[in-house]
There are 4 protein chains.
Amino acid sequence: MNPIEKLIQIFSNFPGIGPRQARRFVYYLLTRGNGSLGELAKHISELKDDVTICADCMRFFESQNKTNKDSLYRCKICADQTRDNFTLMVVQRDIDLESVEKNGSFNGFYFVLGGGIPILEKEPEKRIRAKELKIFVERKIKKGLKEIILGVNWNPEGENTGDFVEKFLKPITEKNKIKVTHLGKGLSMGTELEYADSETMKNALRNRS
Amino acid sequence: MNPIEKLIQIFSNFPGIGPRQARRFVYYLLTRGNGSLGELAKHISELKDDVTICADCMRFFESQNKTNKDSLYRCKICADQTRDNFTLMVVQRDIDLESVEKNGSFNGFYFVLGGGIPILEKEPEKRIRAKELKIFVERKIKKGLKEIILGVNWNPEGENTGDFVEKFLKPITEKNKIKVTHLGKGLSMGTELEYADSETMKNALRNRS
Amino acid sequence: MNPIEKLIQIFSNFPGIGPRQARRFVYYLLTRGNGSLGELAKHISELKDDVTICADCMRFFESQNKTNKDSLYRCKICADQTRDNFTLMVVQRDIDLESVEKNGSFNGFYFVLGGGIPILEKEPEKRIRAKELKIFVERKIKKGLKEIILGVNWNPEGENTGDFVEKFLKPITEKNKIKVTHLGKGLSMGTELEYADSETMKNALRNRS
Amino acid sequence: MNPIEKLIQIFSNFPGIGPRQARRFVYYLLTRGNGSLGELAKHISELKDDVTICADCMRFFESQNKTNKDSLYRCKICADQTRDNFTLMVVQRDIDLESVEKNGSFNGFYFVLGGGIPILEKEPEKRIRAKELKIFVERKIKKGLKEIILGVNWNPEGENTGDFVEKFLKPITEKNKIKVTHLGKGLSMGTELEYADSETMKNALRNRS
């Protein structure tokens, strides 16, 4: 296959990109100078050189400060002494962590599962960082962990993932009296009762306060 | 103005209808026989003859059974002896009541405010059935009312309406220890953390359980 | 069925209206005073009293001027002496006529078929005003008609309608050397070649000039 | 700036990609193995090695066959002896050429301007391959060129580009009696008269046949 078709194929696997837009990407690149192509190539091939997986939350991060040894294996958040050791939010993907963190209303720590568990998955523990989570939770318990928040999407895969994590951690959480909580469900901003779907309405009623 | 233009103008005031669709309505009617036009006209002019405002919840309903005097001034729901007297949900419009009722997860009674209160409204009590609500709540208290649920939309007008109702009823609710609750806010079905707006996320965290 | 449900059912048959919006219409009407309901009813029932079908183009119109006898059976356009007698545009519905007329670039006369002919229709001539068209064309020929423009939508029903009309009129048009033309097909305003569908592109090429 | 942010920035410049999706791209890449990252990088940096600009139509193409010298500087289409030498279509971008070619109804040759000329552009000839076009047209004339089709988008930039090309080539086209044509304008497939914009309708009428 020629380089153009090959690249179209690769770009077509990018999240949310179809063949047509993939083709436009390639044409866009063809109009760039060799310099910027080289630069892009360099950044892609080196992407993971400076990017480490945080030894705590398992998210991707860039080792900012080579002199500060700690920042080589733990991300900014996990290295932050001022954060609340009592709560840990388990999320599916890096981008969920960022979106919660950007929100600013959570001050505990995170753990990134690295994905979700589809319904009927035979080997769920292989789909996410189950063992790593267990180890991390055990370490956090020593530091006073009191609550684990299941920060999963409200869709079948997300709920399935949350259920699995809850069951998977049960032995530790029960033994150590750790509360496992779910994000609140109900009306999202902008929802009008008239258009609220039945599940959302049920939860809005159940979770009234 | 000629009948066609007049009707277009009237239909343009229907909720969600612009001049173009209003015009299509008129052309559609022009293709109907005089019989069906007459029928439609009859139903419209008689619409309110058989439709009463429920003496309790203030919703529109049709007096089903002329022999049953009760059904002449109270709607099916309000006349239903089996419903829970402890909870009352205050909604903005008839259609909200129907959507909650269709959901089936609420078994208390309703009250329809008949609208919402826009931000900065000078005379809020004139925008909704404030006095009627007060009277109804006082009657319900005698029957054991324990909780008033503010079933308002999550948008500025809805929240403004809820705040007003809460303040407006405070004297009675405090005196009688009636709990005033709000529908749960948080993730709606289908929400992915990545795309949750900041207000929804805040509430999903605050209302975790 | 009670008046509310009955009206919801009727409104659900309005073009482009589903049950949910039909219900909102009824609730909207319920909030109107009996006065405006009566007015609406009156306009609907009288809609066809002042509205006549033009004896020429067959469109609906309102007899503006009772004193001017001509305006009682012919619409403004058909009564307009200054328009071009050589061209006649055959359209499917009143609304098509209006949209072409609003455009202002056509100065001939119109004929409204009153609908379209679905593919595989057994009795096409019953679906549209075929006989009336023939008679009108014959009258127009005496006034010097030279061209019939098939002003149909570019979709299967529209093309089928155009084909039928063309075949149906062939005896007269051939005998009297009347040109039968189709609206130009090609790029519509805003079309980018990249996204032009194959049929449009074919025509844009064939009809280049 | 760290590699992640740098890449997000670069991807944000891809056509149709915003910062949020750019970020998702990077996270997607972070989950790939170093192998596939290397492969992608390689394809990007080598993209232009095997890709040449066709000496005739100026489109990008891959020199398929090193042994066949001709295929080293002319693309498949331009090297195709069986195509029609009388017509040349001038398009703005490679992707337009592909979309016309895929359509299959054009059998002449192409020329890719490499872009469009925005309204009020001071130095239009610098925005597109004006000189190259002139030279190419002169060569094609020797081979019997009879018509130049302006295959531009129907939007302000496209029309401006077409007008410039037409004026720019006038000396040659007039001298050699080359017809300059525009793609047909009118109803696109699916258009209903009721919704046709005024410009499209004007052209549909003017270009009727």
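List of remarks:
- Number of positions in segment D:150-160 that are in contact with a strand residue (DSSP E or B) (Cβ under 8 Å, 6 or more places away or on another chain) and within 17 Å of D:L133 (Cα to Cα): 3
- Test result for C:I149, at pLDDT 95 or above, assigned by TED's automatic domain parsing to the domain that holds C:E199 and under 16 Å from the mean Cα position of the chain (by Cα): yes
- Residue, modelled with the lowest pLDDT, within segment D:164-197, restricted to residues that are touching a Ser or Thr at 6+ places or on another chain (Cβ under 8 Å) and of a type in the set (S, T, N, Q): D:T191
- Screening D:L72, D:L88, D:L29 for residues that are out of contact with any Cys (no Cβ under 7 Å at 6 or more places or on another chain), surrounded by 14 or more Cβ atoms within 10 Å (Cβ to Cβ) and outside the structural domain of D:V137 (by TED's automatic domain parsing) leaves exactly one candidate, D:L29.
- Just one of the listed residues (B:G108, B:G114) is at negative phi and small (G, A, S), namely B:G108.
- Of the residues making up segment A:115-124, those that are more than 16 Å from the chain's Cα centre (by Cα) and surrounded by 14 or more Cβ atoms within 10 Å (Cβ to Cβ) are A:E121, A:P124.
- Hey, B:D84 touching a Pro at 6+ places or on another chain (Cβ under 9 Å) and not in a helix (DSSP H, G or I) or not: no
- Segment D:21-38, residues that are basic (K, R) and within 15 Å of A:Q92 (Cα to Cα): D:R24
- Residues of segment A:169-180 satisfying the condition of being surrounded by fewer than 18 Cβ atoms within 10 Å (Cβ to Cβ) and not aliphatic (A, V, I, L, M): A:K170, A:P171, A:E174, A:K175, A:N176, A:K177, A:K179
- The residues in segment A:35-55 that are assigned to a loop (DSSP other than H, G, I, E, B) and either buried (at least 17 other Cβ atoms within 10 Å of the Cβ) or more than 8 Å from every other protein chain (Cβ to nearest Cβ) (or both) can be counted, and the count is 4.
- Pairs, first more than 7 Å from chain C (Cβ to nearest Cβ) in segment B:15-34, second surrounded by fewer than 18 Cβ atoms within 10 Å (Cβ to Cβ), C-beta under 6 Å, six or more apart: B:P19/B:S12; B:A22/B:S12
- Of all residues in segment C:91-108 being assigned to a helix (DSSP H, G or I) and of a type in the set (V, I, T), the one that is surrounded by the fewest Cβ atoms within 10 Å (Cβ to Cβ): C:I95
- Residue count for segment D:147-204 satisfying the condition of being facing chain C (nearest Cβ under 7 Å) and of a type in the set (V, I, T): 4.
- Members of segment A:149-168 that are buried (at least 23 other Cβ atoms within 10 Å of the Cβ) and among the aromatic types (F, W, Y): A:W154
- Hey, D:F111 away from every other protein chain (no Cβ under 12 Å), in a strand (DSSP E or B) and either under 26 Å from C:K202 (Cβ atoms) or not charged (D, E, K, R) (or both) or not: yes
- Of all residues assigned to segment A:185-192, at least one qualifies as being surrounded by 19 or more Cβ atoms within 10 Å (Cβ to Cβ), among the basic types (K, R) and within 18 Å of B:A204 (Cα to Cα).
- Here D:I172 meets the list (1) over 19 Å from the mean Cα position of the chain (by Cα); (2) over 26 Å from D:A79 (Cα atoms) almost entirely, failing just condition (2).
- Extreme residue, farthest from D:L47 (Cα to Cα), among residues of segment A:1-12 that are more than 8 Å from chain D (Cβ to nearest Cβ) and polar (S, T, N, Q): A:S12
- First in segment C:85-99 and more than 15 Å from C:T181 (Cα to Cα) and within 9 Å of another protein chain (Cβ to nearest Cβ), second anywhere and of a type in the set (S, T, N, Q) and part of a helix (DSSP H, G or I), Cβ under 7 Å, 6 or more apart: C:Q92/C:T161
The values are calculated or read from the model by the stated rules, or taken from the named source; none is laboratory data. As the structure is a computational prediction, the values presented were derived from the model and not from experiment. Note: ideal-geometry Cβ built from the backbone for every residue, glycine included; neighbour counts use all protein chains shown.
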